[in-house]
Every structure is written in structure tokens, then in C-alpha cells.
Amino acid sequence: MPLHIVHHPAYDAQFDPAHRFPMSKYSLLMREIDALGLAHRGFIHAPALASRTLLSKAHDRLYVDQVCDLRVPETIEKEIGFQVDEKVSRRARYASMGSLMAGQLALEHGIACNTAGGSHHARRAHGAGFCTFNDVAVAACALLDQGRVERVLIVDLDVHQGDGTADIFRGEPRVFTFSMHAERNYPSRKIPSSLDIGLPDGMGDRAYLDQLNAVLPRLIEAGRPDLVFYNAGVDPHMDDRLGRMKMTDQGLEWRERTVIDFFRSRHIPLCGVIGGGYSYDAAAVAKRHVTLFRVGAEFSDG
Ligand SMILES: [Zn+2]
């Protein structure tokens, strides 16, 4: 059965192609999904704009207003890495609602994916590291508030540590945060997740997948999740501009298969978000991200 996919054209805030953040990857990813025959009528969902009330479940209202009113202080914009203009602000709001929508679809259908999301450096009080709002945190808070889930597990395999997510859920016993990342990479000051695994630079497929296979059972035991959010950042790839790891296309495909199979075979709903992936060749990055959707479709019951 086809995979339920959440997408909005506004995910792409149309940066200059020379910008170090490959913004066009969101549009190119949807094109790749279409080209692979993974976009089916009735299975592509467009999110609405997230309200300030919804965003305030994971972020301070002051910061939410700053982003929505386009008056983010320059010091915070510097930490984010770009100016928060109308397009960036709207993109962050659509992506947050997109991850919530994908989470709801995952609860109904077992698995669903957002073509954006995984903005894991955004903290409660401000954005950072190309992340404006922490979409997964917004979605998890909303689903907990609605009583749709009692416990959430966040599996963050983006190559950078999930410091923003750890900040937002510090002291929240219903959310288990797991981050496996390159220890020496950004952010230099990490905020402890429920469980962190810091990997050495230059790690390849075999060692990475060994670590992953060893930790997955521990996550279920500790998290006892009703829903898993999976940040499938492709920046551990050997050609990634910011990753400093050595995973291949095949290694990343095997990673997606391992994670999705592990949770789906235990009937735990999984919501995939794309996370990071960096190159001046945005089309190459989009091709890496599409693997999540291709593998996800194999595990979809529709
Ligand atoms: Zn990253």
C-alpha cells in the first residue's frame, strides 16, 4: 500500500542556490518522490499553518511571536544562520504542522513521513543551527496534550546532536530522547538527551549499523513508546559537506530499513522526518532523502 506523505510547497523558502543551506532540497525531494511513483492520490497531505498556540506548546511564547511577527533579534538570527523573513517564518510553521499531521497519520496507518522536519537544534527559547521551530517537539507536545499518546520516543540519527529537542524535553518523563551523532561535530556544547551515543569522526557503515542494532532494543525498553518520531538526517553520508562521517548510500538505506523494520515489526507507529543533509548540489541531497520514503513505502499498510 502507498505511504502517507505530508508535503507543502512552502517548505522551500527559495534561498539563493549559493546559500550554504540547500533550501531547494524540499522541492526536489517531492519531485524525486513523484518520479519514483511513490506519490499516490489520497496519500499526499498538505498541512495548514501552525497556530501560535500550537507552537507555544514547545517554545516560549515570546520567541513564537518574534518569529510570527518577523522581529527575531539579530543575535538569534545569527545563531539560526539565516534571516527570519516571511518565507522562512511560514516555512517553519508549515513544517511544524506537517510533522504533527504526519504523526497523526502514523497513529492511524502505522507509518507516515513528512518531506521536511527534524529541526532538532531549535530550543524552547530560540532557534539555532538552521532550525527555527522544533517541529518534532511541537508535534509530540500536541499529541501528548490531545491524549493521542502517553509516551513518545524520538530517535534522532541526524549526524548532529539533538540539543534543542533535549532542551525542550528536559525533565519530561513521557518523552524519551535518543541521539546518535558525531561527537566532535556541531553543537560544541551538547545538552544531554535521555540517551546519547557520540560517535568518532569518519565512521563507516558496518560500525555504525552495529551500534544501531545494539541500541534499538534498549530504546523500546526505556521509552515504551506509543509513537516513534524518526529523524532520518542524511548528513552521516560520506559526501555530506558538514557530516564528517563515511556512510554510503547503501549504508543509509540499510539504516532506514533497520529502524523502520524494528518498530513496525513490533507494531509501534513511526513518523519519519527528513532532518539534515548538506551539499551545494541540492539534487544529490534530495536523492539521499528519498530513500526514507522508498523504504517507508515498503512497510506501509496504507
Ligand atoms: Zn544535521
**Asked** Only one residue in D239, D301, D235 is charged (D, E, K, R), surrounded by 23 or more Cβ atoms within 10 Å (Cβ to Cβ) and not in a helix (DSSP H, G or I), so which one is that?
**Response** D235
**Item:** Hits in the stretch 1-40 (condition: part of a helix (DSSP H, G or I) and within 20 Å of the chain's Cα centre (by Cα))
**Value:** P9, A10, Y11, K25, Y26, S27, L28, L29, M30, R31, E32, I33
**Selected residue [out of contact with any helix residue (DSSP H, G or I) (no Cβ under 7 Å at 6 or more places or on another chain) and more than 20 Å from V234 (Cβ to Cβ)] from L100, L70, L105** = L105
**the stretch 258-298, residues that are in a loop (DSSP other than H, G, I, E, B) and among the acidic types (D, E)** = D281
**Fill in**
Being within 16 Å of the ligand (Cβ to nearest atom) and surrounded by fewer than 19 Cβ atoms within 10 Å (Cβ to Cβ) narrows S193, S179, S188 down to just S188
**Item:** Selection status of A232, modelled with pLDDT of 95 or more, within 16 Å of the ligand (Cβ to nearest atom) and either over 10 Å from L153 (Cβ atoms) or aromatic (F, W, Y) (or both)
**Value:** yes
**Qualifying residues in the stretch 151-189 (those that are touching a residue at least 60 places away in the same chain (Cβ under 8 Å) and hydrophobic (A, V, I, L, M, F, W, C)) - the one farthest from L212 (Cα to Cα)** = I168
**Message:** Between G251, G223, which is under 19 Å from G276 (Cβ atoms), of a type in the set (G, A, S) and touching a strand residue (DSSP E or B) at 6+ places or on another chain (Cβ under 9 Å)?
**Reply:** G251
**Fill in**
Selection from the stretch 217-232 of residues in contact (Cβ under 8 Å) with a residue 24 or more places away in the chain, assigned to a helix (DSSP H, G or I) and surrounded by fewer than 18 Cβ atoms within 10 Å (Cβ to Cβ) yields I220, A222
**Asked** Within the stretch 80-96, can you find the residues that are surrounded by fewer than 17 Cβ atoms within 10 Å (Cβ to Cβ) and part of a helix (DSSP H, G or I)?
**Response** E86, K87
**Prompt:** Do we have any residue at all in the stretch 244-262 that's surrounded by fewer than 19 Cβ atoms within 10 Å (Cβ to Cβ), more than 15 Å from the ligand (Cβ to nearest atom) and without any contact (Cβ under 8 Å) to a residue 24 or more places away in the chain?
**Reply:** no
**Message:** Given the condition under 30 Å from I111 (Cα atoms), in contact with an Asp or Glu (Cβ under 8 Å, 6 or more places away or on another chain) and surrounded by 13 or more Cβ atoms within 10 Å (Cβ to Cβ), answer yes or no: does some residue in the stretch 27-35 qualify?
**Reply:** yes
**Asked** Do you know which residues across the stretch 175-228 are more than 22 Å from I268 (Cβ to Cβ), under 18 Å from the mean Cα position of the chain (by Cα) and of a type in the set (S, T, Y)?
**Response** Y186
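Condition check ((1) away from the ligand (no atom under 13 Å from the Cβ); (2) of a type in the set (A, V, I, L, M); (3) assigned to a loop (DSSP other than H, G, I, E, B)) across all residues:
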position	(1), (2), (3)
R123	yes, no, yes
A137	yes, yes, no
L144	yes, yes, no
I154	yes, yes, no
D158	no, no, yes
Q161	no, no, yes
D167	yes, no, no
R170	yes, no, yes
**Item:** Among (1) surrounded by 18 or more Cβ atoms within 10 Å (Cβ to Cβ); (2) more than 16 Å from the ligand (Cβ to nearest atom); (3) under 18 Å from F178 (Cβ atoms); (4) free of Cβ contacts under 8 Å to residues at least 60 places away in the same chain, the one test that Y208 misses
**Value:** (2)
**Message:** Can you say whether R174 is touching a helix residue (DSSP H, G or I) at 6+ places or on another chain (Cβ under 7 Å) and basic (K, R), as far as the supplied structure shows?
**Reply:** yes
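Determine which member of the set A102, A116 is of a type in the set (A, V, I, L, M, F, W, C), within 15 Å of the ligand (Cβ to nearest atom) and surrounded by 24 or more Cβ atoms within 10 Å (Cβ to Cβ).
Just one listed residue meets the conditions, A116.
The values are calculated or read from the model by the stated rules, or taken from the named source; none is laboratory data. Only a predicted model underlies this, so the values are computations on that prediction, with no experimental measurement involved. Neighbour counts run over all protein chains shown; Cβ positions are idealised from the backbone, glycine included.
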